[in-house]
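Structure record follows, encoded as structure tokens.
The values are calculated or read from the model by the stated rules, or taken from the named source; none is laboratory data. Keep in mind that this is a model prediction, so the values were computed, not measured. Positions of Cβ are backbone-derived with ideal geometry, glycine not excepted, and every protein chain shown enters the neighbour counts. We work out accessible area using only protein heavy atoms, side chains counted, and drop any ligands, DNA or RNA first. Shrake-Rupley method; radii C 1.70, N 1.55, O 1.52, S 1.80 Å.
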Amino acid sequence: MRTNTQEAVLSAYIASIGKRIPRDAAQDAAELCGLANSLNRLNEIACNSGLTERQERRKQNLQTRIKAVLEHTGLVLNHFESDPRGYAVYLDLPDGSYNSFGGGECGYGIGR
């Protein structure tokens, strides 16, 4: 359920920026949440047993793909988080909204 909420929020922000039509904004939001969830799973593996070389490359590829989607949509990356207890990706939304204990400077988290 949390992913659906994150997708809806991101879709609305992407569409409000005006770079994407609502249908494309929804697809971009779903892709971002899926990539962030995959990144979070790798963060859990890294915490529990460490990453293999292949998993390290996958993590780098996921981060690169997330940056590309964000650039395409007009959203801004705040930071990636490697702690599996939190969100994997934090964004700076246009109105400064946030959903974590880090406050506005931490951003809006997705990927859990």
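The residue that is nearest to the chain's Cα centre (by Cα), among those in the range 91-112 that are at positive phi and open to solvent by less than 30 Å² (accessible area, probe 1.4 Å), is Gly111.
Scanning the range 11-30 for residues that are modelled with pLDDT of 90 or more and surrounded by 18 or more Cβ atoms within 10 Å (Cβ to Cβ) yields Ser11, Tyr13, Ile14, Ala15, Ala25, Ala26, Asp28, Ala29. For the range 56-90, the tally of residues that are modelled with pLDDT under 95, under 9 Å from the mean Cα position of the chain (by Cα) and surrounded by fewer than 17 Cβ atoms within 10 Å (Cβ to Cβ) stands at 0. Can you name every residue in the range 58-109 that is under 17 Å from Arg41 (Cβ atoms) and in contact (Cβ under 8 Å) with a residue 40 or more places away in the chain? Of everything in the range 58-109, those that are under 17 Å from Arg41 (Cβ atoms) and in contact (Cβ under 8 Å) with a residue 40 or more places away in the chain turn out to be Phe80, Asp83, Pro84, Tyr87, Ala88, Val89. Restricting Asn4, Asn43 to those that are within 14 Å of the chain's Cα centre (by Cα) and surrounded by fewer than 21 Cβ atoms within 10 Å (Cβ to Cβ) reduces the list to Asn4. Pairs linking a residue in the range 7-32 that is acidic (Asp, Glu) to a residue that is open to solvent by less than 60 Å² (accessible area, probe 1.4 Å) and assigned to a loop (DSSP other than H, G, I, E, B), with Cβ atoms under 9 Å and 6 or more positions apart or on different chains, are Asp28/Arg20; Asp28/Leu75. Of all residues in the range 78-94, count the ones that are in contact with a helix residue (DSSP H, G or I) (Cβ under 8 Å, 6 or more places away or on another chain) and not small (Gly, Ala, Ser). Selection size over the range 78-94: 9.
Quick check on my filter: what residues within the range 46-55 are open to solvent by less than 50 Å² (accessible area, probe 1.4 Å) and either outside any helix (DSSP H, G or I) or in contact with a Gly (Cβ under 9 Å, 6 or more places away or on another chain) (or both)? The answer is Gly50, Leu51.
Is it the case, given these coordinates, that Ala8 is touching a helix residue (DSSP H, G or I) at 6+ places or on another chain (Cβ under 6 Å), at pLDDT below 95 and not in a loop (DSSP other than H, G, I, E, B)? For Ala8, the condition - touching a helix residue (DSSP H, G or I) at 6+ places or on another chain (Cβ under 6 Å), at pLDDT below 95 and not in a loop (DSSP other than H, G, I, E, B) - is not met.
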